[in-house]
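Note sheet for the following structure.
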2 protein chains.
Amino acid sequence: MENNLEIFSHFEECPVRKVLNRFGDKWSILVLMVLGEVDNMRFNKLHKTIGDISQKMLTVTLRTLESDGLVKRTVFPEIPPRVEYEITDRGRSLLIHINNLVEWADENMESILESRAKFES
Amino acid sequence: MENNLEIFSHFEECPVRKVLNRFGDKWSILVLMVLGEVDNMRFNKLHKTIGDISQKMLTVTLRTLESDGLVKRTVFPEIPPRVEYEITDRGRSLLIHINNLVEWADENMESILESRAKFES
DNA sequence: GTAATTAACTTACTTTTGGTAAGTCAAAGG
DNA sequence: CCTTTGACTTACCAAAAGTAAGTTAATTAC
């Protein structure tokens with residue numbers, strides 16, 4: 001204990017944080033979870049499945065996931081256009097950890113919400 | 001596959017997301033990681049250890065973590081004030097998963113950054 | 001007697017993020 | 001030739017998050 005605390009100093013510039021920060025946004029984890037449930041999915045199906053995401057944010061989120069190699073985007077040169085998204089192996093390897101976190105949240109949710117309620121009073 | 005997709009619809013109202021969203025902010029995970037390394041730490045020591053967090057955000061972050069029962073806050077009624085923060089058992093149980101995620105980020109960081117660079121060109 | 005110390009809180013301000021609504025594009029169908 | 005279709009773009013606006021600087025209190029060290 002009490003060793004190596006310097007690691008945390010100005011963690012902003014730390015590449016690990018650069019990576020982790022990407023999943024702190026509103027939609028990335030959710031989109032990854034949905035794509036983890038299917039072989040692939042088209043844009044509009046994703047849009048309808050999630051329901052309360054805007055087109056713009058779905059586009060932005062998918063682009064980010066794609067740029068990080070977590071999602072693969074396949075365009076079929078047809079009209080009207082068809083674009084399919086699927087999770088990559090890297091995406092799946094991340095999803096495992098995310099699901100562990102979700103499981104934790106699921107198990108602890110109730111007592112956390114109680115804790116919050118108590119705190120506010 | 002392709003079953004139970006309704007879970008994701010309007011996930012906004014989902015309590016699991018309510019819990020997970022808390023850790024998507026800029027500082028919560030970092031503060032928890034620091035407190036995971038020591039027995040306890042005072043406010044100013046935390047401030048200096050992290051370096052680039054503002055006082056306000058450190059206060060807000062600590063209050064949130066406290067309200068969720070992840071961090072314990074102990075005030076000593078002295079002047080100048082002394083307040084000690086320590087991670088709780090619940091906080092530790094979360095930290096395990098976070099560390100797994102950090103480990104994943106560490107392992108995949110390089111290829112993700114490459115992936116991003118390639119994507120931008 | 002005055003400066004420094006500590007952990008806040010407050011205010012005013014700027015930045016970042018996310019949302020809305022409209023428009024684009026190109027071919028096929030009526 | 002006008003509408004439909006899917007997957008975006010774009011311009012604009014609102015909300016959330018973050019920053020900087022100032023204020024408070026009683027004791028101690030100068």
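The values are calculated or read from the model by the stated rules, or taken from the named source; none is laboratory data. These numbers were taken from a predicted model, which means no experiment stands behind them. Methodologically, a virtual Cβ is constructed for each residue, glycine included, from the backbone with ideal geometry; neighbour enumeration extends over all protein chains shown. Just the protein is used for accessible areas: all its heavy atoms, side chains included, with ligands, DNA and RNA removed. Shrake-Rupley method; radii C 1.70, N 1.55, O 1.52, S 1.80 Å.
A drop of at least 50 square angstrom in accessible area, chain alone versus all protein chains together, probe 1.4 Å. Which residues of region B:41-81 meet that?
Residues passing the criterion (a loss of at least 50 Å², heavy atoms only) are B:49, B:52, B:67.
Amide H of residue A:71 versus every other amide H placed in the peptide plane: which residues, excluding those fewer than 5 positions away on the same chain, fall under 5 Å?
Placed amide hydrogens put A:66, A:88 under 5 Å from residue A:71.
Every other copy gets compared here: list the nm distances from the residue A:84 label point (7 Å along Cα to Cβ) to its counterparts, shortest first, one decimal.
6.0
On average, how many beta carbons from a partner chain sit within 10 Å of the beta carbon of a residue in A:18-27?
Mean shielding count: 5.
Give me, ordered by chain and number, the residues 5 or more places off residue A:42 or on other chains with an amide H under 5 Å from its own placed amide H.
A:85
For residue A:26, go through the lysines and keep the ones whose alpha-carbon is under 26 Å away, minus same-chain ones fewer than eight residues off.
Once the sequence-local lysines are set aside, what remains near residue A:26 is A:18, A:45, A:48, A:56, A:72, B:18, B:26, B:56, B:118.
Nearest the rotation axis from B to A, which residue of chain B has its beta carbon, and at what whole-angstrom distance?
Result for the B and A rotation: B:24, 2.
Nm distances between the label at residue A:51 and the same-position labels in the remaining copies, 7 Å along Cα→Cβ, shortest first?
Copy-to-copy label distances at residue A:51, shortest first: 4.4 nm.
Keeping the other protein chains in place, figure out the carbon and sulfur percent of the accessible area of chain B, with a 1.4 Å probe.
Answer for chain B is 52 percent, counting heavy atoms of protein chains only.
Would you work out which of B:33, B:112, B:57 lies farthest towards the positive end of the dipole of chain B? Charges go on Cβ: Lys and Arg +1, Asp and Glu -1.
B:57
For chain B, report the accessible area per residue in Å² (1.4 Å probe, heavy atoms, rounded to an integer).
54 Å²
Treating only the Cβ of Lys, Arg, Asp and Glu as charged (+1, +1, -1, -1), what charge dipole size does region A:56-121 show about its Cα centre? Round to the nearest 20 debye.
380 debye
Quick test of the membrane-span-like rule: which DSSP H helices of chain B reach at least 30 Å along their long axis (C-alpha atoms) with mean Kyte hydropathy at least -1.0?
Both cut-offs are met by B:89-120.
At 7 Å along the Cα-to-beta-carbon direction for both residue B:99 and residue A:63, put a label point, then send me their distance in nm to one decimal.
3.8 nm
Along Cα→Cβ at 7 Å, what distances in nm separate the residue B:120 label point from those on the other copies, shortest first?
4.1
As a test of the formula, what do you get for chain B when each DSSP H run with n ≥ 4 contributes -39,500 (n - 2.57) and the sum is divided by the residue count, at 222 nm and rounded to the nearest 500 deg cm²/dmol?
Theoretical 222 nm ellipticity from helices: -17500 deg cm²/dmol.
Between chains B and A, what is the buried accessible area in Å², counting both sides, with a 1.4 Å probe and ligands, DNA and RNA left out, to the nearest 100?
Separately minus together, B and A give about 5500 Å² buried.
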